[in-house]
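Here it is, the structure in full.
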Amino acid sequence: MGVNWKNLSVLLIALGVAMAALSKGLAAGWETAFPSLKNEAWEEECGACHMPFTPGMLPARSWVSTMEGLEDHFGEDATAEPEVAREVTAFLVDNAADNPKASDVMRRIARSIAPHQTLLRITEGEMFKYYHEEIPASIWQREQIGLRSNCTACHTRAEEGRYLRREIQIPKQ
């Protein structure tokens, strides 16, 4: 009984194609961990004071709670016109970590937050802590960073919802 080279060739080609597709799929998963989103009200209202945080970093209940507490938004009055607040809330909820069209990364974020928990700070989430646990306090204290919520200080494409390791540039001072 000899080797059937034709069958072996077909098997090797199929295996190669499958591995290439898997590799591309895994890479694409990280590239699209958070969708690039556009919403004028969200960008203007939230972006007036800070980077508009990617909605997929928190579950819907957290965004609803945040939007309901705008009169004391981390020590600031961020109250918006009612129709604008409704639009921003709907946008955040529609794109939250627990929405039906969430990416794998977003679903992991949602699962990492206990159902009874309503986080108001992305920095309090277990996944944020996990990915940032090895950063020394001295880095966080650098003038260009200042706050753990200042994503754009190190993540060069954070405003696009991209947090790839290769795109991180930690400020020197």
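Could you tell me which numbered condition TRP63 fails, if it satisfies all but one of (1) over 28 Å from TYR130 (Cα atoms); (2) part of a helix (DSSP H, G or I)?
(1)
Being out of contact with any strand residue (DSSP E or B) (no Cβ under 8 Å at 6 or more places or on another chain) and under 16 Å from GLY125 (Cβ atoms): is that true of ALA78 here? Before the answer, list the steps.
Details: out of contact with any strand residue (DSSP E or B) (no Cβ under 8 Å at 6 or more places or on another chain): yes; under 16 Å from GLY125 (Cβ atoms): no.
So ALA78 does not fit the description; no.
Oh, and also: Pairs please, first residue from the range 59-70 and closer than 20 Å to SER103 by Cα, second anywhere and of a type in the set (D, E, K, R), Cβ atoms under 7 Å, 6+ apart in sequence or on different chains.
From residues that are closer than 20 Å to SER103 by Cα, the pairs are PRO59/ASP98; ALA60/ASP98.
Look at ARG61 and say whether it is crowded, with 16+ Cβ neighbours inside 10 Å, in the same structural domain as ARG157 (by TED's automatic domain parsing), of a type in the set (D, E, K, R) and under 17 Å from the mean Cα position of the chain (by Cα). Steps first, answer last, please.
Details: crowded, with 16+ Cβ neighbours inside 10 Å: yes; in the same structural domain as ARG157 (by TED's automatic domain parsing): yes; of a type in the set (D, E, K, R): yes; under 17 Å from the mean Cα position of the chain (by Cα): yes.
The answer is yes for ARG61.
Something else now. Which numbered condition trips up ALA137, out of (1) within 25 Å of GLY47 (Cα to Cα); (2) small (Gly, Ala, Ser); (3) at pLDDT below 95?
Only one criterion in (1) within 25 Å of GLY47 (Cα to Cα); (2) small (Gly, Ala, Ser); (3) at pLDDT below 95 is unmet by ALA137, namely (1).
Sort through ALA33, ALA97, ALA90 and tell me the only one that's modelled with pLDDT of 95 or more and assigned to a loop (DSSP other than H, G, I, E, B).
Working: ALA33 fails: modelled with pLDDT of 95 or more; ALA90 fails: assigned to a loop (DSSP other than H, G, I, E, B).
Sole residue among the options that is modelled with pLDDT of 95 or more and assigned to a loop (DSSP other than H, G, I, E, B): ALA97.
Still on this structure, I have one more. Between a first residue in the range 135-149 that is in a loop (DSSP other than H, G, I, E, B) and a second residue that is of a type outside the set (A, V, I, L, M), which pairs have beta carbons less than 6 Å apart while being 6 or more apart in sequence or on different chains?
Once the first residue is in a loop (DSSP other than H, G, I, E, B) and sits in the range 135-149, its partners that are of a type outside the set (A, V, I, L, M) give ARG142/PRO171; ARG142/GLN173; GLN144/PRO171; ARG148/THR123; SER149/THR123.
Right, here's the next one. Looking at the range 151-173, which of the residues that are of a type outside the set (Ser, Thr, Tyr) and buried (at least 16 other Cβ atoms within 10 Å of the Cβ) is nearest to GLY47 (Cα to Cα)?
Let us first name the residues in the range 151-173 that are of a type outside the set (Ser, Thr, Tyr), namely 151, 153-155, 157-162, 164-173.
Right, trim to buried (at least 16 other Cβ atoms within 10 Å of the Cβ) and you get 151, 153-155, 158-159, 161-162.
Values: CYS151: 13, ALA153: 15, CYS154: 18, HIS155: 17, ALA158: 13, GLU159: 10, GLY161: 14, ARG162: 17 Å.
Here the residue is GLU159.
Listed here are the residues, each with its yes/no results for (1) surrounded by fewer than 15 Cβ atoms within 10 Å (Cβ to Cβ); (2) within 16 Å of SER65 (Cβ to Cβ); (3) not assigned by TED's automatic domain parsing to the domain that holds CYS49.
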position: ALA85; (1), (2), (3): no, yes, no
position: PHE91; (1), (2), (3): no, yes, no
position: SER103; (1), (2), (3): no, no, no
position: ALA114; (1), (2), (3): yes, yes, no
position: GLN117; (1), (2), (3): yes, yes, no
position: ILE122; (1), (2), (3): no, yes, no
position: HIS132; (1), (2), (3): yes, no, no
position: ILE135; (1), (2), (3): yes, no, no
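Residues to consider are GLY25, GLY16, GLY2; find the one that is loosely packed, with under 10 Cβ neighbours inside 10 Å, modelled with pLDDT under 95 and part of a helix (DSSP H, G or I). Give the derivation first.
Numbers: GLY16 fails: loosely packed, with under 10 Cβ neighbours inside 10 Å; GLY2 fails: part of a helix (DSSP H, G or I).
When all the criteria are applied, what remains is GLY25.
The values are calculated or read from the model by the stated rules, or taken from the named source; none is laboratory data. Fair warning: this is a prediction, and the values are worked out from it, not measured in the lab. FYI the Cβ positions are ideal-geometry reconstructions off the backbone, even for glycines, and counts take in every protein chain you see.
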